[in-house]
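Written out below as structure tokens is the structure these notes cover.
Here, each number is a calculation from the coordinates, and none is a lab measurement. A quick note: this is a predicted structure, and the numbers were derived from the prediction, not measured. Cβ coordinates were reconstructed from backbone atoms using ideal geometry, including for glycine residues, and neighbour counts include every protein chain displayed.
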Amino acid sequence: MSITRDEVAHLARLARLSLADAELDHLAAQLDQIISAVARVQEVTAEDVPPTSHAVPLANVFRPDQVVPCLTAQEALAAAPAVEQQRFRVPRILAED
Amino acid sequence: MTETLVSFDAAMERYEPVIGLETHVELGTASKMFCGCPASFGAEPNTQVCPVCLGLPGSLPVVNALAIESTIRIGLALNCTIASWCRFARKNYFYPDMPKNFQISQYDEPLCTNGWLDVTVHPEGAPPRKVRVEIERVHLEEDTGKTLHMGGATGRIHGADYSLVDYNRAGIPLVEIVTKPVTGTGPLAPLAARAYVAELRDMLRSLGVSDVRMEEGSLRCDVNTSIAPKGSPTWGTRTETKNVNSLRSVERAVRFEIERQAARLDSGERIVQETRHFHEDSGITTAGRSKEEAQDYRYFPEPDLVPLAPPADWVETLRAALPELPSARRARLQSEWSLSDLDMAALTNSGALDLVAETVAAGAPPAEARKWWLGELRQHANTEGIELTALPISPAQVARVTELVASGSLNDKLARQVLAGVLAGEGSPDDVVAARNLAIVSDDTALLAAIDDAIAASPEVAQKIRDGKTAAAGVLLGAVMKATRGQADAARVRELIFQRLQ
Amino acid sequence: MTAELTSKTAAELAAAIASAEVSAVEVTQAHLDRIAAVDGQVHAFLHVAAGQALAAAQAVDARRAAGDALGPLAGVPVAVKDVFATADMPTTCGSHILDGWQPPYESTVTRRLRAAGAIPLGKTNMDEFAMGSSTENSAFGPSHNPWDLTRVPGGSSGGSSAAVAAFEAPLATGTDTGGSIRQPAAVCGIVGMKPTYGGSSRYGVVAFASSLDTPGPLARTVLDAALLHEAMSGHDPCDSTSIDAPVPPVVAAARQADVEGMRIGVVTELSGEGYEPGVLARFGEAVELLESLGAKIIEVSCPHFAYALPAYYLIAPSECSSNLARFDAMRYGLRAGDDGTRSAEEVMSITRGEGFGAEVKRRIILGTYALSSGYYDAYYGKAQQVRTLVIRDFDAAFGQADVLISPSTPSTAFKIGERADDPMAMYLADLCTIPSDLAGNAALSVPCGLAPENGLPVGLQIMAPVLADDRTYRVGAAVEAALHDRWGHPLLTEAPEL
């Protein structure tokens, strides 16, 4: 087995995904299969092969330090589920930063 | 829960501290790190946001060139190696003040590495000691939004019912400066930590990259503290203390942690690796999030940005154009002004160094400039309860006063009155002299008139002088000074008295 | 009139509008009528913006009447995949979590199309957040293949592909991350292009896998695709990964349509077991056709292509697990479970649990796994190394050939529901297309016939080096012209009437 149900549950918590038990069972079984398949990449010996993060090599792309017009508060908040005092209202936060 | 403490001195007899500092600097760029929103402080909530810094679906970051330049300059000033190629990385975690729920930062490829900053610690009643703080890394990242916690009693997270988020600050460029562990400071650890932050702050200010105001949050410090029994080959478990918002807090936080940790170790308990929160009012730290279950940030190279490869010749141009750094400047001024280490330390600690230097630059002799700023003016500042820099008088004005004294137009007593007049808002030194008629009277006619009055009023004293008792001239001098409200040129008055009576 | 106008190519429509033979409003109205007539069966569109489209068409007509110069696509309707942010239309990405979301800004690609005078008709259906090969992962129901309504139109740009194949629009925009333009184009019998990565701007394209996502054109002819490609592409300072170089001369190449003397490499590894016989048969014929047109055919081996699929299914989910973290119910989109007692963390989890479909959840978890500490090197790290090897294989192959060819996808359109419960089987649809996404090079799919066993379209994939997009159009146009000659009519005329 390449991944256990508990590991999947842990990953779901990390990813803030609430899953029903049946969903978790189903997902875990599928992921087990998928992970075994993708693990094929380990068959490739690539000791001194550098990883590629960008297929087309570019570097040093910048913008000048200039202010450009931004959104109004109304535009920014337009799609917000809840607004108060011109801010995004969110439910109580548990974890201290 | 009140922590047991062991006295600092007792702790330092048995334990050796190791400290480390992580400092976040908000760069004073006009626009944000990855978008063109204004980076200024104090705007109405959510009026300085755009799709990019709000992390709206489909938005993409583009790097602010000045932020890169500033970070490289900071690295150079800290004697770091500047990476010839590096990337940004995503630091993934969920928190409502983070619009994308990842922070664009740098992970294993920071822009600057392996530098140092020399600081001088001034222990009370002991000679100053130089400490070299080594710098592990300097890297760039983006700041988060600001959250107001509502409904609870303290305004902090615990007990809050809900929160309100303002993303104006999200995306402002932050430079993170991390020291290597600082060892061997012993009982000077708290002062060393403070001295490092002070020196770093001055250096950043001299580079012009940030207004570095700890009270406003443009300079933030986290202090790491650990202790181990003296002679132990390994270091102790460290704690990280946040919410350290002033230089004094840096010192107090380290001191408190040493005392707290010593007490725990003494009683056989272990130190929990955790994040602690410093309380300004009480000077204590309390436990926050436990760091034992470390967050897995799942760092990977930021695919929306391309690598940074600062050209070597550009870096050298930046290096050559660095301003004189504070430590070098202090050394130069100390030498130019022929000050002892002690005098220089006193001057630096007083916060008057820049003011004195500007006054000297405006033409005043160094000793005079020091005398006025550290004497009369500091007294005024203390009385008003304000900083020297907040006094409504400029170095140029102080230099003018010293010039008037040197030319004989004012004596020390009059000079003090002129300074008081300028501080009271009566205008420039020359304005005050004219308005209050404070100039030294050197006009012989006026002086002779006053002398004659004094002679007439004390004929017997005059006779003594005629008889050769020159000391009696002091009485007449005193009378003349009183009559001229202290503005008579005392030396000339004496001359004229003797002329008149002999 | 409607049928006449909707069966025209974009090039023909643009010419007719420019010469005042027909008005832009008539053209737009004809397409809106067609959508009204058939989209109930095809379900290509999630949103039709009739009023805005007609207004935009009127504006084109006004400019034409005023004697203003019109661009090559002025007045031509275009369907827009619902992954592009449009300021005047909802953008859902086929997801419940963005149902009804109205972006406060516009994507660069759609902004450029509007500035060119193209007429956005509406937003097309897609697999949720571009993850899938059939549109069955859409939260709003699948689209249907116009060739056989019981079958998928491919994905993730299935709505765009179906719209073009059903004559609801002559042009459509899509995005290709693992094959999401080419595969649907192939199974719908139309042309689909994945430009060089960075060739068209991703600003305003809701991200799935940032280092792979490539906006591109879908159309019924190679020339039409080239015209749209040019209008969509070019450097964008708002996208750091966009290429600062002129758009390759794709329109000229589409008109050149000549392969005489070109070296064409058949990729050994993109064939064989798992490929439908009809697909292989039509592909083989295409190879012979190219040879008869004067190309030199060689075999090339790209040994690491065998690892491309697993590498992709590590890299893409990893990036998407991070890209989709922003959907947390705090600033926009769905908020579920906020009954006043729950914490932010709980509301985030409940919202994402309800708002995301199964495939998205699978990939988020897979990606979270591949990036987690302890696993990074063995999975994500390794996949990035495989990516380097795939790039090297391409470099070597392009040293021997000007373009590489393969089937676009191993199978013809499968039945709706056939692979929905078998993710691994679904992933195999991307077998041929993934290598070009990993390497970032240009790749075009052109129809090359119908499979004999089921009469369903087969696509030929033509791959060219980075920034050599024009070569794909040159070869594609040659194949298209030759097949047109051979059949006597465009392929799509064989599709059933809707």
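All Cα-Cα distances of the stretch B:8-294, cut into 10 Å bins from zero to the largest, leave 6, 26, 33, 24, 9, 1, 0 percent in each bin in turn.
If you look at the Cα atoms of the stretch B:233-335, you get an Rg and a Dmax of 21.3, 58 Å. Ranked from largest, the principal axis spans of the Cα set of chain A equal 52, 44, 25 Å.
The shape of the protein assembly as shown can be summarised by an equivalent ellipsoid whose semi-axes, obtained from the alpha carbon gyration tensor, come to 74, 34, 26 Å from longest to shortest.
A simple count of charges around C:Arg263, restricted to other residues whose Cβ falls under 12 Å of its Cβ and scoring Lys, Arg +1 and Asp, Glu -1, yields -2. To the nearest Å, what is the center-to-center distance of the stretch B:143-159 and the stretch C:13-65, using C-alpha atoms only? Each part's Cα centre sits 52 Å from the other's. Residues whose amide H lies under 5 Å from that of C:Val466, counting only those 5 or more places away or on a different chain, are C:Ala442; hydrogens are built 1.01 Å from N in the peptide plane.
So which of B:Lys32/C:Lys194; B:Lys100/C:Lys81; C:Lys81/C:Lys361; B:Lys146/B:Lys180; B:Lys146/C:Lys123 end up more than 27 Å apart by C-alpha? Cα-Cα > 27 Å for B:Lys32/C:Lys194; B:Lys146/B:Lys180; B:Lys146/C:Lys123; rest within. For chain B, the share of DSSP beta bridges that are antiparallel, to the nearest 5, is 95%.
When Rg and the Kirkwood radius Rh are both evaluated on Cα atoms of the stretch B:326-436, their ratio Rg/Rh stands at 0.97. Counting Lys and Arg as +1 and Asp and Glu as -1 over every other residue whose Cβ lies under 13 Å from the Cβ of B:Gln463, the net charge comes to +2.
Footprinting exposure proxy ranking of C:Phe84, B:Phe94, fewest other C-beta atoms within 10 angstrom first, gives B:Phe94, C:Phe84.
Packing around the peptides B:316-329, B:152-165, C:329-342, taken as the average count of other Cβ atoms within 10 Å per residue, puts them in this order, highest first: C:329-342, B:152-165, B:316-329. When each of B:Met344, C:Met131 is scored by the number of other beta-carbon atoms lying within 10 Å, the sequence from fewest to most is B:Met344, C:Met131. Taken over the Cα atoms of the stretch C:147-282, the convex hull encloses 146 Å³ per residue. For B:Phe300, the residues 5 or more places off, or on other chains, whose built amide H falls under 5 Å of its own are B:Arg90. As a proxy for reagent exposure, ranking C:Thr412, C:Thr150, C:Thr388 by other Cβ atoms within 10 Å from fewest up yields C:Thr150, C:Thr388, C:Thr412. Across the stretch C:311-316, computed HN-Hα scalar couplings (Karplus, 6.51 cos²θ - 1.76 cosθ + 1.60, θ = phi - 60°) run 5, 4, 6, 10, 5, 4 Hz from first to last residue, x flagging Gly and Pro. For the stretch C:254-376, the share of alpha carbon pairs falling in successive 5 Å distance bins from zero is 2, 9, 12, 12, 10, 10, 8, 8, 9, 8, 6, 4, 2, 1, 0 percent. With semi-axes defined as the square roots of five times the eigenvalues of the C-alpha gyration tensor, the equivalent ellipsoid of the stretch B:82-195 measures 35, 24, 10 Å, largest first.
Spread over its residues, the convex hull of the C-alpha atoms of chain C is 137 Å³ per residue.
Residues in the stretch B:175-192 carry Karplus couplings, in order, of 9, 9, 10, 10, 8, 7, x, 9, 10, x, 8, x, x, 7, 3, x, 5, 5 Hz; the curve used is 6.51 cos²θ - 1.76 cosθ + 1.60 with θ = phi - 60°, and Gly or Pro positions show x. Look at where the Cα atoms of the stretch C:433-454 and of the stretch A:62-97 average out, and the two centres are 42 Å apart. The Cβ shell under 14 Å around A:Glu47 holds other residues with a net charge of -2, Lys and Arg each +1, Asp and Glu each -1. Ranking B:Ala170, B:Thr285, B:Leu305 by Cα position along the charge dipole of the stretch B:158-310, where only Lys, Arg, Asp and Glu carry charges on their C-beta atoms, puts B:Thr285 farthest toward the positive end.
Per the Debye formula on identical point scatterers at the alpha carbon atoms of the stretch A:4-47, with no solvent, log10 I(q)/I(0) at q = 0.17, 0.29, 0.30 Å⁻¹ is -0.54, -0.99, -1.03. The C-alpha radius of gyration of chain B, expressed as a fraction of 2.2 N^0.38 Å, stands at 1.30.
Loop-located GluC sites (Glu not before Pro) in the stretch C:1-98 (DSSP state not H, G, I, E or B) with no more than 13 neighbouring Cβ atoms inside 10 Å: C:Glu21. Counting only alpha carbon atoms, the long axis of helix B:444-457 and the longest principal axis of chain B meet at about 60°.
For the pair the stretch C:332-368 and the stretch C:403-426, the centres of their Cα atoms are 30 angstrom apart. Around the amide H of B:Leu438, modelled in the peptide plane, lies no amide H under 5 Å away from a residue 5 or more places distant or on another chain. Counts of other chain beta carbons within 10 angstrom of each beta carbon in peptide B:29-39 average 4.
Placing +1 on the Cβ of every Lys and Arg and -1 on the Cβ of every Asp and Glu, with no other charges, gives the protein assembly as shown a dipole of roughly 2660 debye about its Cα centre. Equivalent-ellipsoid semi-axes for the stretch B:444-501 (Cα gyration tensor, √(5λ), whole Å, largest first): 17, 11, 10. Beta bridges assigned by DSSP with both partners in chain C are antiparallel in approximately 65 percent of cases. Only helical runs count toward this figure. For the protein assembly as shown, summing -39,500 (n - 2.57) over DSSP H runs of n ≥ 4 and dividing by all residues gives -11500 deg cm²/dmol at 222 nm. Report note on the peptides B:114-122, C:87-95, B:356-364: ranked by the mean count of other C-beta atoms within 10 Å, highest first, their order is C:87-95, B:356-364, B:114-122.
When each of the peptides C:466-474, C:271-279 is scored by how many other beta carbons lie within 10 Å of its residues on average, the order from highest to lowest is C:466-474, C:271-279.
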